[in-house]
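Colleague: Mind looking over this structure? Questions follow.
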Amino acid sequence: MFKVGVRHLVLTPAGLLTNLPLIAGCAFYGLFTVAMVLALREGELSLLYPIIALTYVWVTLLTYWLLKETPNLYKNLGIVTIVIGVAVLGRGGRK
């Protein structure tokens, strides 16, 4: 949402207040921050941090789909590495 909002950015008070994608991006970021604070207060960091790492995967996949960005070999290798790492950490938590 930030990227879409910045494309239509007009640096005036009225322009900032009427830029709905930018406002939505800020709102999503704020909601994510509050959710993370609540989750970290109650949960284990070793369990939650791999879930946080998956954010990079979702954002990259959504930019391919919604913003029509071209896939990059290094980005895709990074996504695979993150998913494998989260899977390994997830399996290690079971006893």
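No lab work stands behind these numbers, since they all come straight from the coordinates. The shown structure was predicted, so the numbers you read here are calculated from the model rather than taken from an experiment. Positions of Cβ are generated from backbone atoms using ideal geometry, with glycine treated the same way; all protein chains shown enter the neighbour counts.
Colleague: Of 28, 51, 76, which is farthest on the positive side of the dipole of the chain, counting Cα position, with +1 on Lys and Arg Cβ, -1 on Asp and Glu Cβ, and the Cα centre as origin?
Modeller: 76
Colleague: Something else: Which one is right for this structure if Cα extents along the principal axes in Å is calculated from it: [x] 138, 17, 9; [y] 56, 37, 15; [z] 85, 31, 26?
Modeller: Identified label for the calculated read-out: [y].
Colleague: Now for a separate question. Hey, what did the chain get for relative contact order, percent, Cα under 8 Å, at least 6 apart?
Modeller: 21 percent
Colleague: If you don't mind, another one. With r as the distance between the Cβ atoms of residue 65 and residue 38 and R0 = 35 Å, compute the FRET efficiency 1/(1 + (r/R0)^6) and round to 0.05.
Modeller: 0.75
Colleague: Here's another thing I want to ask about it. What size of dipole, in debye to the nearest 20, comes out for the chain about its Cα centre when the only charges are +1 on Lys and Arg C-beta atoms and -1 on Asp and Glu C-beta atoms?
Modeller: 200 debye
Colleague: Taking the Cα centroid of region 1-19 and of region 30-88, what is the distance between the two, rounded to the nearest whole Å?
Modeller: 26 Å
Colleague: Express in nm, to one decimal, how much length is gained between residue 84 and residue 26 on full extension, taking 0.36 nm for each residue of separation and deducting their alpha carbon distance.
Modeller: Contour length minus the Cα-Cα distance gives 17.9 nm.
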